[in-house]
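The values are calculated or read from the model by the stated rules, or taken from the named source; none is laboratory data. Note that this is a predicted model, so its numbers are computed, not measured. Neighbour counts run over all protein chains shown; Cβ positions are idealised from the backbone, glycine included. Just so you know, the surface numbers come from the protein's heavy atoms only, side chains and all, with ligands and any DNA or RNA stripped out. Shrake-Rupley method; radii C 1.70, N 1.55, O 1.52, S 1.80 Å.
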Amino acid sequence: MWKDYSKSYIQNNPASSLSVIIAAFISALLLSLLCSLFYNFWMYEIDRLKREEGGWHSRVTGELDEEDLLKIQQYASVEKAVFDQETDDGITIDIYYADKKRVFRDTPQIVDLLGDKVKTVTYHYSLLAMYLIRDSSDRSPRAVFPILLAIMAMACVSLIMMIHNAFAVSMNARIHQFGIFSSVGATPGQIRICLLQEAAMLCSVPVLLGSLLGILLSAGGIGMTNLLAENVPGRALAVWSYHPFLFVITLFITVVTIWISAWIPARKIGRLTPLEAMKNIRELSLKKKKRSRLLSLLFGVEGELAGNALKAQKRCLRTANLALVISFSAFFLMQCFFTLTRISQRMTYYARYQDAWDIMVTLKDTQVGDFRKVDELQALLNVRSVVAYQKASAKRLLTADEISDELKRSEGFAAFLGEAVSEPLEGWLAPVPILVMDDEGFLEYCSQIGAPGRIDGAVVLNRVNDSTAPNFRIRNYIPYVKEEPKVTQLQSALGERINGERVEIPVLFYTQTVPVLREAYDEQDHLVLVHILPASLWEDMKGRIGGVEEDTYIRILGREDVSLLELCKLEEDVLKVIGGEYETESTNRIQDKITNDQMINGMMLILGGFCVLLAIIGIGNVFSNTLGFVYQRNREFARYQSIGLAPGGIKKMFAIEALVIAGRPALIALCLTAVATWVMVKAAYLESIVFLREMPVVPVFTFFLFVFLFVALAYYLGGRKVLGSSLVEALRDDRSNE
C-alpha cells in the first residue's frame, strides 16, 4: 500500500499534507522550547540553592574531629566530606554523596558509626527535592518541580489535541478511498500501518527542524531574561545549557505525541466497515440545527451560515477555543494586575517618598555614634539634607489611664487595644520602635516640629489611625497617649515581665509629624509608640535596653527635581567620602524605580511569552483545521454556490468565522478579567477612575489583533483553496481520487 498508494498520494496532494507538516513542526518547536526552558530553569534553581545554601546533601553537627571526618570520607557512597562551621552544638561536617538517592539511607548509618558524638543531623531538603529525592519526614510542599512537570504534561496534552485534529482532517477526507481498499481485501491493520507510515514520512523533517529551532529560541529567551534582569540586586547571571540527553527526551516526547495524534484517527478509520466507509461523504453536519440569532442579526444570511458552520466544527475547534480563552484571560489579567501594581507602588511608595529620600546608604556593623562624617556629606554638591540613624526596639508599660481621651472615645478603641484594656491596672507592655538619629539630624527634626532644641530627651510620635474602615489609604490620626507625663520609661524588648528593669527618659515633645525618613512604623502596626532619640543620649542607655540593630543608615535628600545622572554622581561622591572604612550598600531612589520597572517588564515578558505559546497552540489548531477546508467543506461551499451565493458571500462567511473564533474567547476573557480586576481594585482601595485612566488598552488590543490576524490568515489560506476548487467535482459523491 505504501508503494502503490501512500507515496503517490503524498506527492499529488501537497495541500493535504501541509496541515500535518505545520502541526508537527509547531508541536516539535513548542515541546523543544518548553523542555529546554524547563531544563535551564531547573539548572538555575540548583545553582542558586548551591550558591545561597551550599551544595551539601546532609550535615552532622557535634563534638567531631579529624578522625571522624576521615571515617565519613572513607564511607563507600560519600563523594566528599568537609568541615563547615562551628556552632553552639559543636563542629558541622557537610557530606556530599556520589549517589544522591542514598542520602536518607546512608546518613543514619554514618551517625551510628560516629556514635554519641553527633547531636544534630540536617538534610538539604530543598536541593534534594530538585533531584526528585524526597523523604517522609519533609513536610514542606516543594511544589516547584511538580508544577513544572504539570505544565509540561498540560502542554503535551494540548499539542496532542491540536495535532490530532490535523491528522483527523487529513485522514477523514480519505475514508471513502479506504472503504474501497477494505472492500478489495485490505485489513484494518494494514490501513492503520499505512496511515502511521504516512505520518512518519510527513513529520520526520518538521520534527527535527522544530526541535532545533526550539533549542535556539530557548537560548535567546535565556539571553533576553539576563538582559532584562541585569540590574536586579542579588540575581546571578543565568547561563544557558543543554544536555544531549535532553534532545533525545524531546524527540521521544514529540514522536510519542505525534504517534498518539495519528493513531487515534487511524484506529477509528480502521474500525469502520467497508459499507460505512464508502457511504462517508466527508462533510461536516449538525446533529441538531439551531439558529445563530446574534450573527444573523448582525451579518444577515452569511452570519447564520457561519454560525451553523462553527457549531458543526465545535469538536474540531475545541482545543483552539480553550487555548485562546486561557491565553487571552492570562494575558489580560496579567496586564491589569501589573498596571494595578505600578499604580499602587507609585502612590504608596515612589510618589510618597520622593521628598523623603534620594539615596540610602547602609553601613554594615556600625553604630550611629561612631559615624562622624555627616558634615562632610552635607557639604557635597546637590545635597539638601543628610541624616544618619539606627534602629532599635524596646517596650513601654502603658495603663488604661494613660490612653488619650480621643482614642477612648473612638469607635475603634476596642479594635486597637483588643483585650489589653481589660488587664489589671499595672497595664501592658506596648512595643516601642526607637529611631536613634545623629545629634545634628535630631536638632533639625526638633526645629521642624517646634520642639525644644535639646539632646537630653526624646520625641514621642504620639498618633494612631482612628479609622474602623479597612481602607489603609485614608488616615485620620489622633493622639495615642496623654501628653501629661514628661518622662517615658522603657525596658528591654526581650522581656515579657511588666515589672522588668526600666530606663527613665525625659520627653521633650509629643508630635504627630514623622521624621523625613523611609520608615513608617505606625502604619504597619497601629499600637506602636515610636520614640526618636539623639545618638548622644542613646549611648548612655543602650546597654540597659539592648534591642539595637547592627547597621546604621544614612538618608540623603538631594535638591528638588534632581536628575538620574546627578543622583548617580552624588551617590559616587557619597561613597568616596565614606571611603573604605565601612562595608556599605547604597540605594538610588530613581535607579531603584527603574530597576523595579525592569523587573516588572521582565516578568511581564516571561508571562506574556507563555500566553503567546498558548495562543500559538490555539492558532495552530485553527490552521490545521482551515488547511483541510478543501476536503472537509468543499461540498458545503459548492452547494452554497449552486444556489446563488456569490464568492463575496463566502468570503464574508470566512471573515465572520475568523472574527468569532478570535473574538469569542477574547470576549469571555474580558468578562472574567473585568470581574477579577474589579475585585483587585476594591481590595487595593483605589478609585475606579484611577485605574481606567491607565487601563492597558493598547497591549490588550495588540494581543487580540495578533491573534485575529493569524486566524484571519488561516481562513484566507483555507478559503483560497475552496474558492479555487471545481464546483462539479465537489458535488460528486463518489470519487476514486482526491
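Label reach from M695 (point 7 Å along Cα→C-beta): in the range 651-687, amide nitrogens under 20 Å belong to 663-687.
When S204, S261 are compared by accessible surface with a 1.4 Å probe, the order from highest to lowest is S204, S261. Rounded to the nearest 10 square angstrom, R59 shows an accessible area of 40 square angstrom against a 1.4 Å probe. Calculated FRET efficiency, Q489 to K593, Cβ-Cβ distance, R0 = 41 Å: about 0.45 to the nearest 0.05. Listed peptides 373-379, 657-663 appear in the order 657-663, 373-379 once ranked by packing, highest mean of other Cβ atoms within 10 Å at the front. Name all residues of the range 378-408 having a backbone nitrogen under 16 Å from the label point set 7 Å from the Cα of L527 along its Cα→Cβ direction, giving them as ranges. Residues 394-404, 408 qualify, since their backbone N sits under 16 Å from the label point. Couplings 3J(HN,Hα) for the range 339-347, derived from phi with the Karplus relation 6.51 cos²θ - 1.76 cosθ + 1.60 (θ = phi - 60°), are 5, 5, 4, 4, 4, 5, 5, 5, 6 Hz, where x marks Gly and Pro. Approximating the spin labels as points 7 Å out from Cα along Cα→Cβ, the R105-to-L212 distance works out to 4.3 nm.
Note on Q448 and L605: the extension gain reaches 51.9 nm, defined as 0.36 nm multiplied by sequence separation minus the Cα-Cα distance.
Computed from label points 7 Å out along Cα-Cβ, the spacing between S344 and V675 is 2.1 nm.
Ranking of L670, L717 by solvent-accessible surface, largest first: L670, L717 (1.4 Å probe, protein heavy atoms only, all chains present).
A Förster radius of 51 Å combined with the Cβ-Cβ distance from V239 to K117 puts the calculated FRET efficiency at roughly 0.80. Take L705: with every protein chain present and a 1.4 Å probe, its accessible area is about 70 Å².
Against the criterion of solvent-accessible heavy-atom surface with a 1.4 angstrom probe, R555, R720, R475 sort, most first, into R720, R475, R555.
Estimated at the nearest 10 Å², the accessible area of W357 is 0 Å² with a 1.4 Å probe. If you plug the beta carbon distance of D561 and I193 into 1/(1 + (r/R0)^6) with R0 = 56 Å, you get a FRET efficiency near 0.15.
Working note: Karplus 6.51/-1.76/1.60 with θ = phi - 60° gives the range 574-587 the couplings 4, 5, 5, 5, 5, x, x, 6, 10, 7, 10, 9, 10, 10 Hz, where Gly and Pro are set to x.
Counted residue by residue at 0.36 nm each, then reduced by the alpha carbon distance between them, the extension gain from D89 to D47 reaches 12.3 nm. Ordering M695, V707, A676 by Cα displacement along the dipole of the range 650-729 toward the positive end leaves V707 in first place; charges were set at the Cβ atoms of Lys, Arg (+1) and Asp, Glu (-1).
When the pairs K71/K101; K391/K682; K268/K311; K482/K593; K50/K373; K364/K593 are compared against a 31 Å limit on Cα-Cα distance, K391/K682; K482/K593; K50/K373 fall above it.
Residues whose amide H lies under 5 Å from that of A394, counting only those 5 or more places away or on a different chain, are V432, I434; hydrogens are built 1.01 Å from N in the peptide plane.
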